[in-house]
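See below for the structure under consideration.
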Amino acid sequence: MKLGAIEAGGTKFVVAVGNENGEVLERASFPTTSPDETMKETIAFFKDKDVEAIGLGCFGPIDPDKNSPTYGYITTTPKPGWANYNIVGALEEAFPDTPIGFDTDVNGACLGEAYFGAAQGLDSALYLTIGTGIGGGAIVEGNLVHGLLHPEMGHMLMNVREDDPYKGKCPYHGTCFEGMAAGPAIAERWGKNGNELPADHPAWDLEAWYIAQALAIYVLTLSPKKIILGGGVMHQKQLFPQIHKYLQERLNGYIQKEEITSDKIKDYVVYPGLGDNAGICGALALAKVAKED
């Protein structure tokens with residue numbers, strides 16, 4: 001099965017052709033500029049590829065509700081020119097006979113990890129990307145989580161650690177998870193980008209503390225069988241042991257599952273099995289689902 005994949009990010013679009021096994025056969029990328037320019041390049045890439053379906057994992061917020069009049073739209077994004085843009089409609093106009101799978105980039109990445117990566121064989125998983133922003137996607141009982149909108153896991157309020165005077169970066173919520181732990185918050189708090197800080201810098205202990213606080217809430221609400229942490233910040237692999245420790249402390253023995261209470265936690269909260277390909281492989285998974293539907 002020949003499938004198309006689009007990882008539509010606020011900074012760049014990645015487009016690819018692959019197959020139902022998550023193998024990427026051809027790819028290209030280009031900056032996210034105006035909708036007209038960016039979609040023209042996207043459509044041109046697929047014009048001669050003869051794909052059977054296209055999966056689109058998209059930056060948001062989006063409207064993924066097929067019963068909504070604004071299904072397929074990017075909605076209230078601050079990205080200039082993209083607010084209230086019908087991105088699925090643009091693809092359907094160019095490829096009227098091709099099924100289009102559409103979801104958030106993080107829901108797509110979660111599906112990709114379930115199909116091809118660290119959560120294979122599981123009907124429950126959580127995927128978080130921690131980078132320029134923080135977003136989350138979840139699979140519960142085999143289905144991606146949607147509802148009134150889609151998960152916005154980066155915006156729940158945090159308890160601020162006593163030794164942290166930082167007021168938060170999020171313009172909406174201040175000290176939410178994204179406001180305290182995304183890449184721009186690290187840079188503003190410490191005066192340097194995260195990739196400029198040494199592995200033993202105190203920034204990373206604080207970062208792990210906030211991440212573990214959020215994960216404890218997700219464990220108690222969504223009960224995922226695997227938690228996958230991607231995004232640029234998680235390239236700091238030294239974070240994982242600290243996150244494991246703080247998550248166990250947060251839960252404080254309340255959940256008596258070996259995956260959490262023992263050293264098996266290192267296999268419960270993990271780096272993406274697909275690495276930096278989680279997003280584009282997630283789009284392939286969305287295409288696969290669209291074709292099968």
Seminar exercise, completed: Considering the range 15-31, residues that are open to solvent by 10 Å² or more (accessible area, probe 1.4 Å) and in contact (Cβ under 8 Å) with a residue 40 or more places away in the chain, and then whichever is nearest to Asn86 (Cα to Cα), we arrive at Arg27
Seminar exercise, completed: Residue pairs within 6 Å by beta carbon, gap of at least six or interchain, first lying in the range 44-63 and surrounded by fewer than 22 Cβ atoms within 10 Å (Cβ to Cβ), second among the β-branched types (Val, Ile, Thr), listed first then second, are Phe45/Val15; Lys49/Val17; Pro61/Thr75; Pro61/Thr76; Asp63/Thr70; Asp63/Thr75
Seminar exercise, completed: Cβ pairs under 8 Å, 6+ apart or interchain, first in the range 194-208 and more than 18 Å from Pro165 (Cβ to Cβ) and in contact (Cβ under 8 Å) with a residue 24 or more places away in the chain, second open to solvent by 10 Å² or more (accessible area, probe 1.4 Å) and charged (D, E, K, R), ordered by first then second residue, are Ala208/Lys245
Exercise. Given the residues Tyr115, Tyr172, which is the only one that is part of a helix (DSSP H, G or I), out of contact with any Asp or Glu (no Cβ under 7 Å at 6 or more places or on another chain) and open to solvent by 20 Å² or more (accessible area, probe 1.4 Å)?
Worked result: Tyr115
Exercise. Among the candidates Leu284, Leu239, Leu274, Leu197, which residue alone is within 22 Å of His155 (Cα to Cα) and surrounded by 17 or more Cβ atoms within 10 Å (Cβ to Cβ)?
Worked result: Leu239
For this session: Take the range 243-274 and flag every residue that is in contact (Cβ under 8 Å) with a residue 40 or more places away in the chain and assigned to a helix (DSSP H, G or I).
Result: Ile260
Problem set entry | Flag if Leu91 is of a type in the set (A, V, I, L, M, F, W, C), out of contact with any Phe, Trp or Tyr (no Cβ under 6 Å at 6 or more places or on another chain) and surrounded by fewer than 17 Cβ atoms within 10 Å (Cβ to Cβ) | no
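Table: residues versus (1) assigned to a loop (DSSP other than H, G, I, E, B); (2) out of contact with any His (no Cβ under 9 Å at 6 or more places or on another chain); (3) modelled with pLDDT of 95 or more.
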position	(1), (2), (3)
Gly135	no, yes, no
Asp163	yes, yes, yes
Gly179	no, no, yes
Arg189	no, yes, yes
For this session: Could you list all residues from the range 214-223 that are of a type outside the set (Phe, Trp, Tyr) and surrounded by fewer than 20 Cβ atoms within 10 Å (Cβ to Cβ)?
Result: Ile217, Leu220, Thr221, Leu222, Ser223
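Residue-by-condition table, conditions (1) over 19 Å from Gly135 (Cα atoms); (2) over 19 Å from the mean Cα position of the chain (by Cα):
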residue	(1), (2)
Glu37	yes, yes
Lys40	yes, yes
Ile54	yes, no
Cys58	no, no
Pro61	no, no
Asn84	yes, yes
Asp103	no, no
Exercise. Does the range 147-161 hold any residues that are part of a helix (DSSP H, G or I) and either open to solvent by 30 Å² or more (accessible area, probe 1.4 Å) or more than 27 Å from Asp103 (Cα to Cα) (or both), and which are they?
Worked result: His155
For this session: Determine whether the range 72-83 contains at least one residue that is more than 17 Å from Lys12 (Cα to Cα), buried (at least 17 other Cβ atoms within 10 Å of the Cβ) and of a type outside the set (Lys, Arg).
Result: yes
Exercise. Here are some conditions: (1) surrounded by fewer than 22 Cβ atoms within 10 Å (Cβ to Cβ); (2) over 20 Å from the mean Cα position of the chain (by Cα). Leu247 meets all but one. Which one does it not meet?
Worked result: (1)
Exercise. Which condition does Glu141 not pass, out of (1) open to solvent by less than 80 Å² (accessible area, probe 1.4 Å); (2) touching a residue at least 12 places away in the same chain (Cβ under 8 Å), if it passes all the others?
Worked result: (1)
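The values are calculated or read from the model by the stated rules, or taken from the named source; none is laboratory data. Everything quoted here is computed from the prediction, not taken from an experiment. We place every Cβ from the backbone using ideal geometry, glycine too, and count neighbours over all the protein chains shown. Heads up: the accessible areas ignore ligands, DNA and RNA and are worked out on the full protein's heavy atoms, side chains in. Shrake-Rupley method; radii C 1.70, N 1.55, O 1.52, S 1.80 Å.
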